[in-house]
1. Using only Cα atoms, tell me the angle between helix 113-125 and the longest principal axis of the chain; keep it within 0 to 90° and round to the nearest 10.
2. With a Förster radius of 41 Å, plug the Cβ-Cβ distance of Y31 and H130 into 1/(1 + (r/R0)^6) and report the FRET value to the nearest 0.05.
3. Between their Cα atoms, which of K75/K246; K54/K206; K105/K180 are more than 18 Å away from each other?
4. Tell me, what ³J(HN,Hα) does each residue in the range 193-209 have, in order and in whole Hz, if you take phi through Karplus 6.51 cos²θ - 1.76 cosθ + 1.60 with θ = phi - 60° and put x for Gly and Pro?
5. Please state the shape class of the range 207-246: rounded when a/c is under 1.5, otherwise prolate if a/b exceeds b/c and oblate if not, all from the C-alpha gyration tensor.
6. Could you list which residues have their amide H under 5 Å from that of F160, counting only those 5 or more apart in sequence or on another chain, with H placed in the peptide plane?
7. Describe numerically, in nm with one decimal, the distance between label points set 7 Å from Cα along Cα→Cβ at N170 and at E229.
8. Per residue, how many Å² of accessible area does the chain show with a 1.4 Å probe?
Amino acid sequence: MASNNEQQNQAGRHQEVGHKSLLQSDALYQYILETSVYPTEPEPMKELRELTAKHPWNIMTTSADEGQFLNMLLKLMNAKNTMEIGVYTGYSLLATALALPDDGKILAMDINRENYELGLPVIQKAGVAHKIEFREGPALPVLDQMIAEGKYHGTFDFIFVDADKDNYLNYHKRLIELVKVGGVIGYDNTLWNGSVVAPPDAPLRKYVKYYRDFVMELNKALPADPRIEICMLPVGDGITLCRRIK
C-alpha cells in the first residue's frame, strides 16, 4: 500500500498526458510562474498571453515560462537576425522582438495570417512590429528559395520552430544551411506532451498520437547530426536547442 506521502504526490501529478507542463505537479509549475515569470513578464506579453487564452486553439501558444526563457536566451546570444516558423498569435514572436535590438529582424512564417493578426495590435503597441517580416504560407518553399539564392547561407543567429511536426526533419535539412556557425535552432514540443515515453496503449489525444512518431524521429536524428551540438530542456512542452558547430 502506498504511504500518505506517496498518495499525496500522486494526487498532485497531472492526470492527463496532454497537459502543457511537464513538471510533477500543477503546484510546482504555478510556483515557477508566480515567483519567476509573472512578476517580470513585460506588460505586452502579459496582454497577448491573456488575449490568446480566450482563443479556442490556445493550447498552441508558447507557455509563459518558455517565452521568458527565449527572451533571456536571445539577449545572452546578442541575437540580431532571427527566424520563426509557426507563429500562431505571436507570443514567442513578441518575446523575440522585445529581446532584439532596435535594428533586429525576424522573418516570421505561418500558414494562418488571421491568428497572427489577433496579436498584431499588441505587437504594434509594444513598438516592435518594425522588426517583423511576416509571410503567410508554407515555410518550406520559402526556405528552398532562400537556399537557392545563396545569399542567406549562415546568416541567421537564431531560428525557432514551432510548426508542423511531420516536417521538422525537412525543416532541419534546410535550416542547418541558413543558421550561422555558432547560431542556434530551437525545436519546440520535443517532449510532445510527455507522450515520447507513454506506453503504446496509452489513451493519447488523436493529434498527440499522430505526431508522436515524427517527434521521436527528430529526437533520434538530432544527436546523430555531426554539424550540431544539442541540449533538450523540459521547458514548456520540451525544447531542443541545436548549436551549429560546423
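1. Between the helix axis and the principal axis of the chain, the angle is about 80 degrees.
2. The calculated FRET efficiency here is 0.65.
3. Correct reply: K75/K246; K54/K206.
4. Taking θ as phi minus 60°, the curve returns 6, x, 5, 5, 10, 6, x, x, 9, 5, x, 7, 4, 4, 6, 5, 5 Hz for the range 193-209.
5. The shape class here is oblate.
6. M83, E84, I85, G186
7. Placing both labels 7 Å beyond Cα along the Cβ direction yields 3.2 nm.
8. That works out to 51 Å² for each residue.
The values are calculated or read from the model by the stated rules, or taken from the named source; none is laboratory data. Keep in mind the model is a prediction, meaning the values are calculated, not measured. All Cβ positions, glycine included, derive from the backbone under ideal geometry; neighbour counts span all protein chains shown. Protein only, heavy atoms only, side chains kept; ligands, DNA and RNA dropped before computing areas. Shrake-Rupley method; radii C 1.70, N 1.55, O 1.52, S 1.80 Å.
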